[in-house]
Amino acid sequence: MPQDLSTKTIQDFGQQWTIYRDNDGFYGSTALLADVLGPLLSLDALKGARVAEVGSGTGRIVKMLLESGVGHVTAVEPSDAFAVLCENLKFSEKVTCLHTTGDQLPHDGNFDIVFSIGVLHHIPDPAPVVDAVFSALRPGGRFLVWLYGKEGNEFYLRVSTLLRLLTTRLPHFLLVPIVYGLDLALLLYLQLCRLGPLPLKDYMGIIRNLTPDKRRLVIYDQLKPAFAKYYTREEAEMLLTRKFTEVQSFHRRRYSWTVIGTKSAQPNTAPPTTDKLNSPSVSYRPQSH
(Lines give C-alpha, C1' and ligand atoms only; values in the text may rest on other atoms or scores of the structure.)
Protein backbone atom coordinates (compact mmCIF):
# COMPACT_ATOMS: atom_id res chain seq x y z
CA MET A 1 0.00 0.00 0.00
CA PRO A 2 2.73 2.61 0.81
CA GLN A 3 4.44 1.86 -2.52
CA ASP A 4 1.14 2.20 -4.37
CA LEU A 5 0.49 5.52 -2.63
CA SER A 6 3.98 6.74 -3.42
CA THR A 7 3.66 5.81 -7.10
CA LYS A 8 0.23 7.42 -7.36
CA THR A 9 1.46 10.61 -5.65
CA ILE A 10 4.39 10.88 -8.05
CA GLN A 11 2.00 10.45 -10.96
CA ASP A 12 -0.31 13.12 -9.54
CA PHE A 13 2.52 15.61 -9.28
CA GLY A 14 3.74 14.70 -12.74
CA GLN A 15 0.37 15.69 -14.15
CA GLN A 16 0.10 18.79 -11.95
CA TRP A 17 3.48 20.21 -12.86
CA THR A 18 3.03 19.40 -16.53
CA ILE A 19 -0.11 21.56 -16.53
CA TYR A 20 1.09 24.31 -14.15
CA ARG A 21 4.55 25.00 -15.53
CA ASP A 22 5.60 28.52 -14.54
CA ASN A 23 6.79 30.02 -11.23
CA ASP A 24 6.21 33.73 -11.71
CA GLY A 25 5.76 36.45 -9.11
CA PHE A 26 5.95 36.12 -5.35
CA TYR A 27 5.29 32.37 -5.71
CA GLY A 28 8.81 31.92 -7.12
CA SER A 29 10.63 34.68 -5.23
CA THR A 30 13.56 34.69 -2.83
CA ALA A 31 11.30 36.62 -0.43
CA LEU A 32 9.14 33.52 -0.15
CA LEU A 33 12.22 31.31 0.26
CA ALA A 34 13.42 33.53 3.12
CA ASP A 35 10.01 33.17 4.73
CA VAL A 36 10.30 29.37 4.56
CA LEU A 37 13.85 29.30 5.95
CA GLY A 38 13.07 31.79 8.72
CA PRO A 39 15.74 32.08 11.43
CA LEU A 40 17.25 28.64 10.72
CA LEU A 41 19.19 29.52 7.57
CA SER A 42 19.95 32.89 6.00
CA LEU A 43 20.03 33.53 2.28
CA ASP A 44 23.61 34.75 2.73
CA ALA A 45 24.59 31.25 3.89
CA LEU A 46 23.65 29.94 0.44
CA LYS A 47 26.17 31.99 -1.52
CA GLY A 48 28.58 29.71 -3.35
CA ALA A 49 27.18 26.57 -1.71
CA ARG A 50 26.91 23.23 -3.46
CA VAL A 51 23.33 22.16 -2.83
CA ALA A 52 20.71 19.62 -3.85
CA GLU A 53 16.94 19.73 -3.81
CA VAL A 54 14.78 16.63 -3.45
CA GLY A 55 11.52 16.91 -5.38
CA SER A 56 12.16 19.85 -7.70
CA GLY A 57 8.90 19.82 -9.68
CA THR A 58 9.06 22.62 -12.24
CA GLY A 59 12.16 24.18 -10.66
CA ARG A 60 10.52 26.76 -8.40
CA ILE A 61 12.86 26.23 -5.43
CA VAL A 62 15.85 25.70 -7.72
CA LYS A 63 15.21 29.12 -9.23
CA MET A 64 15.04 30.67 -5.76
CA LEU A 65 18.33 29.00 -4.79
CA LEU A 66 20.06 30.21 -7.95
CA GLU A 67 18.86 33.77 -7.33
CA SER A 68 20.21 33.46 -3.78
CA GLY A 69 23.70 32.84 -5.18
CA VAL A 70 24.33 29.11 -4.73
CA GLY A 71 27.29 27.70 -6.63
CA HIS A 72 25.53 24.64 -8.03
CA VAL A 73 22.20 22.83 -7.62
CA THR A 74 21.46 19.16 -8.19
CA ALA A 75 17.71 19.00 -8.85
CA VAL A 76 16.02 15.63 -8.25
CA GLU A 77 12.56 14.98 -9.73
CA PRO A 78 11.00 11.51 -10.21
CA SER A 79 7.80 12.42 -12.05
CA ASP A 80 6.88 13.09 -15.68
CA ALA A 81 7.38 16.78 -14.89
CA PHE A 82 11.13 16.17 -15.31
CA ALA A 83 10.87 17.43 -18.88
CA VAL A 84 9.32 20.68 -17.62
CA LEU A 85 12.07 21.02 -15.01
CA CYS A 86 14.76 20.68 -17.66
CA GLU A 87 12.99 23.14 -19.96
CA ASN A 88 12.64 25.76 -17.23
CA LEU A 89 16.30 25.47 -16.23
CA LYS A 90 17.91 24.85 -19.62
CA PHE A 91 19.84 28.12 -19.68
CA SER A 92 21.60 27.58 -16.34
CA GLU A 93 25.00 25.95 -16.25
CA LYS A 94 24.76 25.75 -12.47
CA VAL A 95 22.10 23.01 -12.46
CA THR A 96 22.27 19.24 -12.83
CA CYS A 97 18.86 17.58 -13.24
CA LEU A 98 18.35 13.95 -12.18
CA HIS A 99 15.24 11.97 -13.13
CA THR A 100 15.02 9.79 -10.04
CA THR A 101 13.58 9.54 -6.54
CA GLY A 102 15.13 11.17 -3.49
CA ASP A 103 16.46 7.91 -2.08
CA GLN A 104 18.71 7.71 -5.17
CA LEU A 105 20.46 11.02 -4.50
CA PRO A 106 24.16 10.53 -5.34
CA HIS A 107 26.05 9.41 -2.21
CA ASP A 108 29.11 11.51 -3.01
CA GLY A 109 29.33 13.32 0.30
CA ASN A 110 29.94 16.59 -1.56
CA PHE A 111 26.85 18.68 -0.80
CA ASP A 112 26.91 21.58 1.64
CA ILE A 113 23.11 21.74 2.01
CA VAL A 114 20.25 19.55 0.83
CA PHE A 115 16.72 20.95 0.71
CA SER A 116 13.37 19.17 0.69
CA ILE A 117 10.67 21.83 0.71
CA GLY A 118 7.10 20.57 0.57
CA VAL A 119 8.08 17.01 -0.41
CA LEU A 120 8.66 14.62 2.51
CA HIS A 121 5.08 15.00 3.70
CA HIS A 122 4.02 13.44 0.38
CA ILE A 123 6.23 10.35 0.86
CA PRO A 124 4.65 7.51 2.89
CA ASP A 125 8.07 6.29 4.09
CA PRO A 126 10.60 9.16 4.00
CA ALA A 127 13.34 7.31 5.95
CA PRO A 128 15.22 6.07 2.82
CA VAL A 129 15.30 9.66 1.51
CA VAL A 130 16.68 10.96 4.81
CA ASP A 131 19.34 8.22 4.74
CA ALA A 132 20.33 9.12 1.18
CA VAL A 133 20.58 12.81 2.06
CA PHE A 134 22.82 11.97 5.01
CA SER A 135 25.18 10.05 2.73
CA ALA A 136 25.15 12.82 0.13
CA LEU A 137 26.19 15.57 2.55
CA ARG A 138 29.74 16.40 3.54
CA PRO A 139 30.58 16.32 7.27
CA GLY A 140 29.11 19.51 8.69
CA GLY A 141 26.60 19.71 5.85
CA ARG A 142 22.97 20.50 6.63
CA PHE A 143 19.58 19.11 5.66
CA LEU A 144 16.60 21.48 5.68
CA VAL A 145 13.02 20.30 5.27
CA TRP A 146 9.69 22.08 5.24
CA LEU A 147 6.59 20.11 6.18
CA TYR A 148 2.88 20.55 6.63
CA GLY A 149 2.21 21.03 10.35
CA LYS A 150 -0.58 19.49 12.38
CA GLU A 151 -0.45 22.22 15.01
CA GLY A 152 -2.29 25.27 13.76
CA ASN A 153 -4.17 23.32 11.08
CA GLU A 154 -6.77 21.61 13.25
CA PHE A 155 -9.74 23.50 11.79
CA TYR A 156 -8.43 23.23 8.23
CA LEU A 157 -7.81 19.48 8.55
CA ARG A 158 -11.39 18.82 9.61
CA VAL A 159 -12.53 20.32 6.31
CA SER A 160 -9.75 19.20 3.95
CA THR A 161 -9.73 15.58 5.12
CA LEU A 162 -13.34 15.20 4.02
CA LEU A 163 -12.73 17.04 0.74
CA ARG A 164 -9.71 14.89 -0.10
CA LEU A 165 -11.80 11.73 0.11
CA LEU A 166 -13.29 12.98 -3.15
CA THR A 167 -10.72 15.28 -4.75
CA THR A 168 -7.79 12.83 -4.74
CA ARG A 169 -9.91 10.60 -7.00
CA LEU A 170 -11.11 13.23 -9.43
CA PRO A 171 -9.59 13.80 -12.88
CA HIS A 172 -8.11 17.21 -13.56
CA PHE A 173 -11.06 18.59 -15.55
CA LEU A 174 -13.48 17.89 -12.68
CA LEU A 175 -11.18 19.15 -9.95
CA VAL A 176 -10.58 22.56 -11.57
CA PRO A 177 -14.19 23.85 -11.11
CA ILE A 178 -14.05 22.85 -7.44
CA VAL A 179 -10.80 24.77 -7.06
CA TYR A 180 -12.38 27.90 -8.54
CA GLY A 181 -15.31 27.60 -6.14
CA LEU A 182 -13.01 27.18 -3.15
CA ASP A 183 -10.97 30.15 -4.33
CA LEU A 184 -14.05 32.36 -3.98
CA ALA A 185 -14.49 31.10 -0.42
CA LEU A 186 -10.80 31.77 0.24
CA LEU A 187 -11.14 35.37 -0.97
CA LEU A 188 -13.92 35.90 1.54
CA TYR A 189 -11.83 34.31 4.29
CA LEU A 190 -8.92 36.62 3.46
CA GLN A 191 -11.19 39.58 4.13
CA LEU A 192 -12.50 38.10 7.37
CA CYS A 193 -8.93 37.57 8.59
CA ARG A 194 -8.45 41.34 8.53
CA LEU A 195 -11.15 41.64 11.20
CA GLY A 196 -9.87 39.24 13.84
CA PRO A 197 -7.57 36.36 14.89
CA LEU A 198 -9.07 33.57 12.79
CA PRO A 199 -7.34 30.20 12.21
CA LEU A 200 -4.42 30.43 9.74
CA LYS A 201 -4.47 34.23 9.86
CA ASP A 202 -0.65 34.37 9.70
CA TYR A 203 -0.58 32.05 6.68
CA MET A 204 -3.09 34.27 4.92
CA GLY A 205 -0.33 36.87 4.86
CA ILE A 206 1.40 34.62 2.32
CA ILE A 207 -1.73 33.80 0.32
CA ARG A 208 -2.57 37.50 0.03
CA ASN A 209 0.68 38.07 -1.91
CA LEU A 210 -0.04 35.44 -4.55
CA THR A 211 -1.57 36.17 -7.94
CA PRO A 212 -5.01 34.58 -8.52
CA ASP A 213 -3.63 31.75 -10.64
CA LYS A 214 -1.01 30.85 -8.02
CA ARG A 215 -3.59 31.08 -5.26
CA ARG A 216 -5.70 28.52 -7.10
CA LEU A 217 -2.59 26.39 -7.68
CA VAL A 218 -2.02 26.25 -3.92
CA ILE A 219 -5.61 25.02 -3.47
CA TYR A 220 -5.14 22.42 -6.22
CA ASP A 221 -1.89 21.30 -4.63
CA GLN A 222 -3.68 20.65 -1.34
CA LEU A 223 -6.48 18.60 -2.89
CA LYS A 224 -4.96 16.42 -5.62
CA PRO A 225 -1.91 14.43 -4.34
CA ALA A 226 -2.83 10.90 -3.24
CA PHE A 227 -0.77 11.09 -0.03
CA ALA A 228 -0.23 13.99 2.36
CA LYS A 229 0.80 13.81 6.03
CA TYR A 230 0.56 16.67 8.53
CA TYR A 231 3.42 16.46 11.03
CA THR A 232 3.50 17.37 14.70
CA ARG A 233 6.60 19.17 15.88
CA GLU A 234 7.87 15.98 17.52
CA GLU A 235 7.35 13.93 14.36
CA ALA A 236 9.00 16.58 12.18
CA GLU A 237 12.10 16.73 14.37
CA MET A 238 12.35 12.95 14.69
CA LEU A 239 12.65 12.66 10.92
CA LEU A 240 16.11 14.16 11.34
CA THR A 241 17.22 13.25 14.87
CA ARG A 242 17.67 9.60 13.82
CA LYS A 243 20.68 10.63 11.69
CA PHE A 244 21.44 14.29 12.27
CA THR A 245 22.64 16.42 15.16
CA GLU A 246 21.87 20.03 16.17
CA VAL A 247 18.28 19.59 15.01
CA GLN A 248 16.26 22.78 15.24
CA SER A 249 12.77 23.71 14.11
CA PHE A 250 10.48 26.69 13.89
CA HIS A 251 6.73 26.96 13.53
CA ARG A 252 6.44 28.89 10.30
CA ARG A 253 3.46 31.22 10.42
CA ARG A 254 1.91 28.90 13.00
CA TYR A 255 0.86 26.29 10.45
CA SER A 256 3.95 24.40 9.21
CA TRP A 257 7.37 23.20 10.36
CA THR A 258 10.79 24.03 8.99
CA VAL A 259 13.46 21.72 10.43
CA ILE A 260 17.23 21.70 9.96
CA GLY A 261 19.91 19.25 11.07
CA THR A 262 23.66 18.87 10.69
CA LYS A 263 25.69 15.87 9.59
CA SER A 264 28.21 15.46 12.36
CA ALA A 265 31.81 14.52 11.62
CA GLN A 266 31.20 11.69 14.10
CA PRO A 267 28.42 9.09 13.63
CA ASN A 268 25.21 9.99 15.44
CA THR A 269 24.57 6.94 17.62
CA ALA A 270 22.34 8.59 20.18
CA PRO A 271 18.70 7.43 20.12
CA PRO A 272 16.07 9.96 19.04
CA THR A 273 14.83 12.13 21.88
CA THR A 274 11.40 13.51 22.49
CA ASP A 275 12.55 15.66 25.40
CA LYS A 276 11.48 19.15 24.38
CA LEU A 277 14.19 20.68 26.57
CA ASN A 278 16.76 18.98 24.34
CA SER A 279 14.87 19.58 21.11
CA PRO A 280 15.14 23.31 20.36
CA SER A 281 12.28 25.03 18.61
CA VAL A 282 11.99 28.61 17.48
CA SER A 283 8.72 30.48 17.36
CA TYR A 284 9.04 32.86 14.44
CA ARG A 285 6.57 35.26 12.89
CA PRO A 286 8.09 36.86 9.76
CA GLN A 287 6.74 40.05 8.30
CA SER A 288 4.45 39.79 5.29
CA HIS A 289 6.14 40.71 2.02
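The values are calculated or read from the model by the stated rules, or taken from the named source; none is laboratory data. Everything numeric here is computed off the predicted structure, so don't read it as measured data. Using ideal geometry, Cβ is built from the backbone for each residue, glycine included, and neighbour counts are taken over all protein chains shown. When the accessible area is computed, the model is the full protein with side chains, heavy atoms only, and any ligands, DNA or RNA have been set aside. Shrake-Rupley method; radii C 1.70, N 1.55, O 1.52, S 1.80 Å.
Given a 10 angstrom Cα cut-off, can you work out which residue in 45, 83, 136 is the most mobile in a GNM of the chain?
45
As an exercise, use a Förster radius of 30 Å and the Cβ-Cβ distance of residue 166 and residue 192 to find the FRET efficiency, rounded to the nearest 0.05.
With a Förster radius of 30 Å, E is 0.75.
In a GNM of the chain with a 10 Å cut-off on Cα contacts, which of 176, 84, 95 has the highest mean-square fluctuation?
Judging by the Gaussian network model, the answer is 176.
Can you give me the distance in nm between label points at residue 110 and residue 184, each placed 7 Å from the Cα along the Cα-to-Cβ direction?
A separation of 5.4 nm, rounded to one decimal place.
Where Lys and Arg each count +1 and Asp and Glu each count -1, what net charge lies around residue 220 among other residues with Cβ under 15 Å from its Cβ?
+3
DSSP loop (so not H, G, I, E, B), at most 11 other Cβ within 10 Å: list which trypsin sites (Lys or Arg not before Pro) in segment 61-112 pass both filters.
Loop-located and lightly packed - 90.
Along Cα→Cβ, 7 Å out, is where each label goes; now give me the distance between the ones at residue 7 and residue 100 in nm to one decimal.
Between residue 7 and residue 100, the simple spin-label model gives 2.0 nm.
Between [x] 38; [y] 45; [z] 48, which matches percent of Cα pairs over 27 Å apart calculated for the structure shown?
Here the calculated entry is [x].
Points 7 angstrom from Cα along the Cβ direction at residue 208 and residue 19: gap in nanometres?
3.0 nm
Residue 26: net charge of surrounding residues, Cβ under 11 Å, Lys/Arg +1, Asp/Glu -1, itself excluded?
The answer is +1.
To the nearest 500 deg cm²/dmol, what mean residue ellipticity at 222 nm is calculated for the chain from DSSP H runs of n ≥ 4 alone, each contributing -39,500 (n - 2.57), summed and divided by the residues?
Only helices count here, giving -12000 deg cm²/dmol.
Where a ≥ b ≥ c are the square roots of the eigenvalues of the C-alpha gyration tensor, would you call segment 118-261 rounded, which needs a/c under 1.5, or, failing that, prolate if a/b is larger than b/c, or oblate?
Verdict is prolate for segment 118-261.
Which entries of 8/201; 90/243; 150/224 have Cα-Cα distances beyond 27 Å here?
Table pairs above 27 Å Cα-Cα are 8/201; 90/243.
Translational D (Stokes-Einstein, µm²/s) of segment 1-149 at 25 °C and 0.890 mPa s when Rh comes from the Kirkwood sum over C-alpha pairs? It would help to have the intermediate numbers written out before the result.
Numbers: Rh = 15.3 Å.
The Stokes-Einstein estimate is 160 µm²/s.
If you count only protein heavy atoms with a 1.4 Å probe, what accessible area per residue comes out for segment 32-112, rounded to a whole Å²?
For segment 32-112, the per-residue accessible area is 40 Å².
Give the carbon-plus-sulfur fraction of the accessible surface of the chain in %, rounded to a whole number; probe 1.4 Å, heavy atoms of protein chains only.
57 percent
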